[in-house]
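This report refers to the structure that appears directly beneath it.
Please treat every number below as a calculation from the coordinates, not as lab data. Because the structure is a prediction, the values reported are computed rather than measured. Positions of Cβ are backbone-derived with ideal geometry, glycine not excepted, and every protein chain shown enters the neighbour counts.
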Amino acid sequence: VVQIGSAAQKGFQPLFNGKDLTGWAGVGGDQSNWRVKDGLLSCTGKPGSHWIATEEEYANFDLRLEYNIPQNGNSGVFIRAPIKGAAWVAGMEIQVLDDFGDKWKNLKP
């Protein structure tokens, strides 16, 4: 679940209207696994969910968002990534992982 600038803050332009997926498009598949409920944007996580992207391109920006990820979840937010090709290779990803816990306590750097 992610909340992406749904409320206008001074000096910021909301990317998400809190009502529907206006201004967003499916990438690598359709956006049918993405939902808006109670003002929050969420993905079902089903295979084939792919990702969504803003229809408009942005150059210089500050991105503000809140997220909630399930236990053992793995997700991310791509920025400056191409729509076509391997976004994870050519773009930058803000990795969102639930990787804190006992299973990682003995991991060597």
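Of 10/37; 10/84; 19/46; 10/46, which sit over 31 Å apart, Cα to Cα? Where the Cα-Cα span goes over 31 Å, the pairs concerned are 10/84; 10/46. About the Cα centre, and with charges only on the beta carbon of Lys, Arg (+1) and Asp, Glu (-1), how big is the dipole of region 2-104? Nearest 20 debye, please. Result for region 2-104 is approximately 120 debye, rounded to the nearest 20. Quick check on region 32-86: take the gyration tensor over C-alpha atoms, sort the square-rooted eigenvalues as a ≥ b ≥ c, and tell me if it's rounded (a/c under 1.5), prolate or oblate. Prolate, because a/c is 1.5 or more and a/b exceeds b/c. State, as an integer percentage, the relative contact order of region 2-104 based on alpha-carbon contacts under 8 Å between residues 6 or more apart. It comes to 21 percent, rounded to a whole number.
Going from the residue with the fewest nearby Cβ atoms within 10 Å to the one with the most, 38, 20 rank 38, 20.
Determine the gain in length on full extension of the stretch residue 80-residue 44; use 0.36 nm per residue of separation and subtract their C-alpha separation, reporting nm with one decimal.
Fully extending the segment from residue 80 to residue 44 adds 10.5 nm.
Judged by the gyration tensor of its Cα atoms, with axes a ≥ b ≥ c, region 2-104 is rounded; a/c sits under the 1.5 cut. FRET efficiency for the pair residue 17 and residue 72, taken as 1/(1 + (r/R0)^6) with r the Cβ-Cβ distance and R0 = 30 Å, rounds to 0.45.
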